[in-house]
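J.: The structure's right below; bear with me while I get my questions together.
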Amino acid sequence: MLIYEQSRPGRHAPAQAPQEMADLSAIPESLRREQSAKLPEVSEMQAVRHYTRLSQKNFSIDTHFYPLGSCTMKYNPRAGNSLASLPGLLARHPHAPETHSQGFLACLFDLQEILKQVTGMHAVSLTPAAGAQGEFAGVAMIRAYHDARGDAQRTEILVPDAAHGTNPASAVMCGYAVREIPTGSDGDIDVDALKQVLGPQTAGIMLTNPSTVGVFERRIEEIAQLVHAAGGLLYYDGANLNAILGKVRPGDMGFDVIHMNLHKTFSTPHGGGGPGAGPVGVSQRLEPYLPIPMVDFDGHDYRWLTEDDRPHSIGRLSAFAGNAGVLIRAYIYARMLGRDGMHRVSEFSTLNANYLLKRLMEAGFDAAYPERRASHEFILTLKRQAKELGVNTMDFAKRLLDYGVHAPTTYFPLLVPECLLIEPTETEAKEELDRFIEVMQIIQQEAQTDPEQVKQAPHSLPVKRLDDVRAARELDLTWVK
Amino acid sequence: MTDLPTDLRYSKSHEWVRDEGDGTATVGITDHAQELLGDLVFVDPPGVGDNVEPGGDCAVVESVKAASDVYSPVTGEVLAVNEALGDAPETINEDAFGEGWIFKVKMSDPAELDSLLDAAGYTAMLAEED
């Protein structure tokens, strides 16, 4: 029920009423509202119950196991939130002068340094406000590099068929044509196919490593050599950085530019569309093009680097410096982990994923790449169940909700039919993983004995199976009283 | 699997093309393709007058699961697009080889049709994929 439907004329909540009438004298008569706004009129208790109930309907990392592959839904430490809410950080005005912002700037500078070290890149800019903006900035820098050299014939960006959809989108937004590279049956890029399309028209290649099929690209060194030899640059999509944090560095693999999703790997709240943070790191030759502002430290004072310091920068991506609150939380997370904790993230996230994979295979589920060790995530294919039992991946995903588990990523990557992309993250205990395995086995059993139960799921949620086809065809987003 | 129309040619990327015998051809996606995609919710056809070529993406079909590029099996100029799909993309789900056609093209080189698969070849390819 919408809160508007509970509304009764004249009912109100004293707690929400203004304590004194606002001074309207500065607002011209012509701009003042003539009728009162159509707000719901409810009692304080109705409002409390309404929003409490809504919050209870939510699936979130605070309430449920959330193995949403490629999204790294790990626990967000409360300390990050409390420290980022310190008045000095929370109340800082973006126009505050540098002299009044030394603490804030010091946090950002340290975060730049930490990210440089953990990725092996030469320089980092924190300013992109989300992963997609980081990608855009990364490809824009590749473009700026080629343009500065007068190398205008490079018009193509290579993208594997398993890539996140944002990769080709970012390339196109920067004016490049996209060429797709196939993935081999072992999950690695088809290097022979890559060799055939590399040439003087190649601007660069965008890779995720480990890739979206949940395995490490084993021939990355050879790929880097081939692309560099052709005059192209290597772009690292940091979506799966959680798998290699503190263990392997994209800079050492030969990448020239990387974006990181701090809201994923560095554990800030995300889901529901943000806010995010997508810092970019670059090798030495791309440093002049980094987006501004960045933070500099001369040994005594911290200051912003702007257009004057970086005349070749691709420019600004937002009015200020990205999502400061997210950056601060990521900084706190990194400091809490420290150097030792950083590599435990990847150790435990890959251990958890491989444990789940192995146990689920023992339970009779088919892995998409059974001969490969998982990274921090892995893919099951329910092709067999769909064929033999008529119960598909979407049915499994919906039934998981009934058991209090957020569904894994479904039907992505597109090249694996009927797939579930499962990422448990390092913050789940073994007991929680065991429960997931148990639930998957129960659903498998149900699919055999009572398939309708699974096909009509969810049964226990406030909203039942949605008609997503009709919703997409007849989109209706307005509520009319 | 039901028998495929034998008067059509097929591409490896799951388009069909029908030679209309007057230098033009009609293009759509196969029944297998619509089945993989599931219920279609949107079709973005090429523009009339666009030049299309094999391997070049020229249209998009979108289902609740995925958006997928449609590639032209032949070189030529787009003569007409199936406007009815704008209101009823599900026509492709219902009748992929008939009412669900996507565009008509004036072929620059009808000989290109010979390099495409026939019904038997396409069936064999699907069997292999499975």
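J.: Excluding same-chain residues fewer than 8 positions from A:Lys464, which aspartates and glutamates have a Cα within less than 20 Å of its Cα?
T.: In chain and number order, the partners are A:Asp395, A:Asp402, A:Glu446, A:Asp450, A:Glu452, A:Glu474, A:Asp476, B:Asp39.
J.: Here's a follow-up. How high is the relative contact order of the range A:363-481? Use alpha-carbon pairs under 8 Å, at least six apart in sequence, and give a whole percent.
T.: About 26 percent, as a whole number.
J.: Can you tell me, using C-alpha contacts under 8 Å and at least 6 residues apart, the relative contact order of the range A:263-419 as a whole percent?
T.: Numbers: 156 pairs, mean separation 23.0, N = 157.
That works out to 15 percent.
J.: Given the options B:Asp39, B:Asp87, B:Asp118, which has the most mean-square fluctuation in a GNM of chain B, springs set between C-alpha atoms less than 10 angstrom apart?
T.: Residue with maximal mean-square fluctuation among B:Asp39, B:Asp87, B:Asp118: B:Asp87.
J.: Could you work out how far the C-alpha centroid of the range B:1-20 sits from that of the range B:105-129, in angstrom?
T.: 7
J.: A further question on this structure: With θ set to phi - 60°, apply the Karplus curve 6.51 cos²θ - 1.76 cosθ + 1.60 along the range A:127-138 and write out the HN-Hα couplings as whole Hz, x wherever there is a Gly or Pro.
T.: 5, x, 8, 6, x, 5, 6, x, 4, 4, 4, x
J.: Could you name the lysines whose alpha carbon sits less than 17 Å from that of A:Lys74, not counting residues in the same chain fewer than 8 places away?
T.: In chain and number order, the partners are A:Lys264, A:Lys430.
J.: Could you line up A:Arg359, A:Arg32 from fewest to most neighbouring Cβ atoms inside 10 Å?
T.: Starting with the residue having the fewest Cβ neighbours, the order is A:Arg32, A:Arg359.
J.: Same structure, new question: Which cross-chain or sequence-distant (5 or more) residues have an amide H under 5 Å from the amide H of A:Ile189, H modelled 1.01 Å from N in plane?
T.: So A:Ile189 has HN proximity to A:Gly184.
J.: Under 8 Å for C-alpha pairs, at least 6 residues apart: give me the relative contact order for chain A, rounded to a whole percent.
T.: 19
J.: Rounded, prolate or oblate, given the Cα gyration tensor of the range A:199-242, with a/c below 1.5 counting as rounded? Mind dumping the intermediate values first?
T.: Values: a/c = 2.98, a/b = 1.91, b/c = 1.56.
Prolate is the answer for the range A:199-242, as a/c is 1.5 or above and a/b outweighs b/c.
J.: Here's another thing I want to ask about it. Determine the sum of side-chain charges near A:Val197: Lys and Arg each +1, Asp and Glu each -1, restricted to other residues whose C-beta is under 10 angstrom from that of A:Val197. Intermediate values should be presented prior to the final figure.
T.: Working: positive: A:Arg179, A:Lys195; negative: A:Glu156, A:Glu180.
In short, 0.
J.: Something else about it: In a shell of Cβ-Cβ distance under 12 Å around A:Gly138, excluding A:Gly138 itself, what net charge do Lys and Arg (+1) and Asp and Glu (-1) give?
T.: Values: positive: A:Arg143; negative: A:Glu135, A:Asp237, A:Asp256.
Net charge in that neighbourhood comes out at -2.
J.: For chain B, what class follows from the C-alpha gyration tensor (a ≥ b ≥ c being the square roots of its eigenvalues): rounded when a/c is under 1.5, otherwise prolate if a/b is larger than b/c, else oblate?
T.: oblate
J.: For the range A:74-195, what class follows from the C-alpha gyration tensor (a ≥ b ≥ c being the square roots of its eigenvalues): rounded when a/c is under 1.5, otherwise prolate if a/b is larger than b/c, else oblate?
T.: Prolate, since a/c reaches 1.5 and a/b exceeds b/c.
J.: So, one more: For the range A:347-471, what log10 I(q)/I(0) values come out of the Debye formula at q = 0.15, 0.17 1/Å, with one point per alpha carbon and no solvent?
T.: Log10 of I(q)/I(0), two decimals: -0.67, -0.86.
J.: How long are the semi-axes of the equivalent ellipsoid of the range A:3-56, defined as square roots of 5 times the Cα gyration tensor eigenvalues? Whole Å, largest first.
T.: Working: eigenvalues 156, 34, 22 Å².
Output for the range A:3-56: semi-axes of 28, 13, 10 Å.
J.: Still on this structure, I have one more. Among the lysines, which have Cα under 22 Å from the Cα of A:Lys38 when same-chain residues fewer than 8 positions away are ignored?
T.: A:Lys481
J.: Still on this structure: Within 10 Å, count the other beta carbons around each residue, average over each peptide in A:182-189, A:153-160, B:58-65, A:12-19, and list them highest first.
T.: Top of the packing list down: A:153-160, B:58-65, A:182-189, A:12-19.
J.: Within the set of other residues whose C-beta is less than 12 Å from the C-beta of B:Tyr122, count the net charge using Lys and Arg as +1 and Asp and Glu as -1.
T.: Residues near B:Tyr122 contribute -4 overall.
J.: Looking at the range A:25-141 from every direction and averaging, what is the projected area of its Cα convex hull in nm²?
T.: Spelled out: convex hull of the Cα atoms, projected over all directions, averaged, 14.6 nm².
J.: Same structure again: Out of B:Val17, B:Val81, B:Val27, any idea which swings most in a Gaussian network model of chain B, alpha carbons joined below 10 Å?
T.: Residue with maximal mean-square fluctuation among B:Val17, B:Val81, B:Val27: B:Val81.
J.: Which whole-number value in Å³ per residue fits the convex hull of the alpha carbons of the protein assembly as shown?
T.: Dividing the Cα hull volume of the protein assembly as shown by its residues yields 212 Å³.
J.: Per 10 Å bin from zero, what fraction in whole % of the C-alpha pairs of the range A:79-337 is there, up to the bin with the longest pair?
T.: Per 10 Å bin, starting at 0, the Cα pair percentages come out as 7, 32, 35, 18, 6, 1.
J.: Can you run phi through the Karplus equation (6.51, -1.76, 1.60; θ = phi - 60°) for the range B:86-95 and list ³J(HN,Hα) in whole Hz, with x for Gly and Pro?
T.: Along the range B:86-95, the couplings run x, 8, 9, x, 5, 4, 5, 5, 7, 8 Hz.
Quick note: the coordinates plus some simple rules give every number you see, no bench work behind them. Predicted, not measured: the structure shown is a model, and the values here were computed from it. Because the Cβ atoms are built from the backbone with ideal geometry, glycine has one as well, and the counts that use them run over all protein chains shown.
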